[in-house]
Amino acid sequence: MSLFNHIQNIYFIGVGGIGMSALARYFVQQNKQVGGYDRTPSKITKKLEEEGVQITFTDRVEEIPSSFTQKENTLVVYTPAVSAENQLFQYFRDRGFGVKKRAEVLGMITKDFPTLAVAGTHGKTTTTAILAHILKQSGVKLTAFLGGISENYHTNFINDGHEAVVVEADEFDRSFLHLHPTIAAITSMDADHLDIYGQAEELKRTFLSFAEKVTDKSNFFFKKGLELEGNSIAIEEKADYQIENVKVENGSYIFDFVSPKEIIKQIEFSLPGKHNLMNAATALSIGVKFGVEGEKLGKALASFKGVERRFTYHLKTEEKVLIEDYAHHPEEILAVHQAVREMHAGKKVLAVFQPHLFSRTKDFADEFADSLSKFDEVILMEIYPAREKPIAGVNSELLFNKITNDKKQLVNREDLLEKITASSAEVVVMMGAGDIGNEVETIKVALNRES
């Protein structure tokens, strides 16, 4: 692509991030030399290394491969989650390298192509993955930058062509304002990232700025009830695009999809939870608007398997069920609760939760406590700090004391396995956006032995 013709080397600071790794894969396929730094090895960094990305896990400047120290043909991409004190960030910035945020680069790549963008505090990752899947299966040659690993393709990047670019529009640090969407959707605008925005109203204003990027409102979609202009989407209620006649059969939803153009009957969809039905409705709406035949999209939806860490079943027997979910906001925990009660009615459910960020725990402590109290049992882990430094008086104990459920425990990581296996709950749900996922395999093995 002419835009990056003079650039031969791309260096990513925070290359293991889900959005960063999709971008790294894009440049690998553009035959660029790609390298980067991340704080800790992970499944993603391992795969990237297999794909030819040179990665170091220390921010010592001496570790940068020499080819990435040539200023004139190197672009440095960073994620806002990386601290400004990072040695590599300072090195490249102070020496006058071209240094850009991930979102800026994504905006540059997508500018000249029809771009389908999904934003929202919850639902955007799954909706984007569904949209990419149903368009790809319907024959659209697309490029997709996903915010999660698609279970269908085992990657967060699809590169078939440029008839459409499907992209997750991230509100963190106002990143999505760098995009140029042709068709866009907002799935939700609940308060979040108050460490960045300060007030919920400011977050809402930023979402409105994103919505204004689509001047033709017939190309803009939103969940009914949000104060936005364009096409409303709803389940079992009147809207511009809607899902109706919802039934559950053999653990899957069967429903009809109604758009201004057509009614598509008896669509099958296997992801549990009303929130996922809404995600499917949003993806179908964008697909129809993009011009794909509704029947094709409906058929393709049946083969969508999901996104890793989004209500992912690791164990599903009569005796024991183990589910992993990325839920890290009270509304997401409520959505998981609704889904688990619908799909496993009458069963005892243990929620294991690792809070993510001190600031988010402080801002939503009461709401977290309310949503977690709905489960039969709760195990609470210590807060995963991610990019943050501790806040005085904010820890898991603060949250623990607010949970009204008597069957609650505050547990260290080293005691987690023992406490989970001691529970009589038939369904275990492990939630959080931190590194709780690292514990899943061990727990799966232990529960499988028991069941």
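The values are calculated or read from the model by the stated rules, or taken from the named source; none is laboratory data. Bear in mind the structure is a predicted one, so any value in this text is a computation, not a measurement. Counting neighbours? That spans all protein chains shown, and the Cβs are built from the backbone with ideal geometry, glycine included. Note: areas computed on protein heavy atoms with side chains; ligands, DNA, RNA excluded. Shrake-Rupley method; radii C 1.70, N 1.55, O 1.52, S 1.80 Å.
Quick notes on this structure:
- Residue satisfying all of: in the stretch 246-271; assigned to a strand (DSSP E or B) and among the basic types (Lys, Arg); modelled with the highest pLDDT among these: LYS265
- Options PHE12, PHE27, PHE89; residue that is surrounded by 20 or more Cβ atoms within 10 Å (Cβ to Cβ) and part of a helix (DSSP H, G or I): PHE27
- When the residues of the stretch 289-339 are filtered to those that are β-branched (Val, Ile, Thr) and crowded, with 23+ Cβ neighbours inside 10 Å, the one that is nearest to THR442 (Cα to Cα) is ILE323.
- Matching residues, the stretch 215-231, being open to solvent by 80 Å² or more (accessible area, probe 1.4 Å) and touching a helix residue (DSSP H, G or I) at 6+ places or on another chain (Cβ under 9 Å): LYS223, GLU227, GLU229
- Some residue of the stretch 42-49 being touching a residue at least 12 places away in the same chain (Cβ under 8 Å), open to solvent by less than 10 Å² (accessible area, probe 1.4 Å), of a type in the set (Gly, Ala, Ser) and closer than 24 Å to SER150 by Cα: no
- Consider the stretch 200-214 and keep the residues that are within 21 Å of the chain's Cα centre (by Cα) and not small (Gly, Ala, Ser). The one that is surrounded by the fewest Cβ atoms within 10 Å (Cβ to Cβ) is LEU208.
Conditions tested, residue by residue: (1) open to solvent by 10 Å² or more (accessible area, probe 1.4 Å); (2) closer than 22 Å to GLY306 by Cβ; (3) more than 13 Å from the chain's Cα centre (by Cα).
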{"residue": "PRO114", "(1), (2), (3)": "yes, no, yes"}
{"residue": "HIS122", "(1), (2), (3)": "yes, yes, no"}
{"residue": "THR125", "(1), (2), (3)": "yes, yes, no"}
{"residue": "HIS133", "(1), (2), (3)": "no, yes, yes"}
{"residue": "ALA144", "(1), (2), (3)": "no, yes, yes"}
{"residue": "HIS162", "(1), (2), (3)": "yes, no, yes"}
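- The set of residues from the stretch 360-395 being assigned to a helix (DSSP H, G or I), free of Cβ contacts under 8 Å to residues at least 60 places away in the same chain, open to solvent by less than 60 Å² (accessible area, probe 1.4 Å) and not hydrophobic (A, V, I, L, M, F, W, C) comprises THR361, SER371.
- The stretch 404-445 - residue that is of a type in the set (A, V, I, L, M, F, W, C) and in a strand (DSSP E or B) and, of those, nearest to TYR326 (Cα to Cα): MET431
- Some residue of the stretch 272-292 being of a type in the set (Ser, Thr, Tyr), modelled with pLDDT under 90, under 19 Å from THR125 (Cβ atoms) and within 23 Å of the chain's Cα centre (by Cα): no
- Members of the stretch 222-245 that are in a strand (DSSP E or B) and of a type outside the set (S, T, N, Q): PHE222, LYS223, LYS224, LEU226, ILE233, ALA234, ILE235, TYR241, ILE243, GLU244
- Residues that are among the charged types (D, E, K, R) and in contact with a helix residue (DSSP H, G or I) (Cβ under 6 Å, 6 or more places away or on another chain) occur in the stretch 93-107; there is at least one.
- From the options GLN29, GLN87, GLN33, residue that is under 22 Å from ASP160 (Cβ atoms) and touching a residue at least 12 places away in the same chain (Cβ under 8 Å): GLN29
- Residue count for the stretch 123-163, restricted to those that are within 17 Å of TYR26 (Cβ to Cβ), touching a Leu at 6+ places or on another chain (Cβ under 7 Å) and part of a loop (DSSP other than H, G, I, E, B): 3
- Enumeration of residues in the stretch 59-79 that are open to solvent by 40 Å² or more (accessible area, probe 1.4 Å), more than 16 Å from ASN9 (Cβ to Cβ) and in a loop (DSSP other than H, G, I, E, B): ASP59, ARG60
- Filter result for LEU116 (touching a residue at least 60 places away in the same chain (Cβ under 8 Å) and under 23 Å from ASP216 (Cβ atoms)): yes
- Contact map, the stretch 429-443: first residue surrounded by 20 or more Cβ atoms within 10 Å (Cβ to Cβ), second residue part of a helix (DSSP H, G or I) and of a type in the set (S, T, N, Q), Cβ cut-off under 9 Å, separation 6 or more or different chains; pairs are ILE443/THR421.
- Of all the residues in the stretch 282-306, those that are among the β-branched types (Val, Ile, Thr), over 17 Å from TYR253 (Cβ atoms) and in contact with a strand residue (DSSP E or B) (Cβ under 6 Å, 6 or more places away or on another chain) number 1.
- Filtering the stretch 266-298 to residues that are over 24 Å from GLU332 (Cα atoms), among the charged types (D, E, K, R) and free of Cβ contacts under 8 Å to residues at least 60 places away in the same chain leaves only GLU295.
- Count of the stretch 322-359 residues which are touching a residue at least 60 places away in the same chain (Cβ under 8 Å), under 19 Å from ILE420 (Cα atoms) and not hydrophobic (A, V, I, L, M, F, W, C): 8
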